[in-house]
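Comments concern the structure below.
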């Protein structure tokens, strides 16, 4: 997962509260860091996304493959 995909996925899943979650929600799987702090510390983007999903109770069917743009059609 790329950071741009992470940003799209977070915005789509959490809407207006996305910024607050990235800054304020402590993620158990990231050693208590917020998502933003974990990313700044070099944690893999996909791991942070999955930790955020776990903490927020996002169903598994909405965790994988999100944030990707549709492939270009020629």
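In the set 23, 9, 38, only one residue is within 19 Å of residue 59 (Cβ to Cβ) and assigned to a helix (DSSP H, G or I); that residue is 9.
Being at pLDDT below 95 and at negative phi is the requirement here; does residue 60 meet it? When the stated conditions are applied, residue 60 passes them.
Residue 32 meets the conditions (1) outside any helix (DSSP H, G or I); (2) surrounded by 14 or more Cβ atoms within 10 Å (Cβ to Cβ); (3) without any contact (Cβ under 8 Å) to a residue 40 or more places away in the chain in every case but one. The failed one is (2).
The values are calculated or read from the model by the stated rules, or taken from the named source; none is laboratory data. Keep in mind it's a predicted model, so treat the numbers as computed, not measured. Methodologically, a virtual Cβ is constructed for each residue, glycine included, from the backbone with ideal geometry; neighbour enumeration extends over all protein chains shown.
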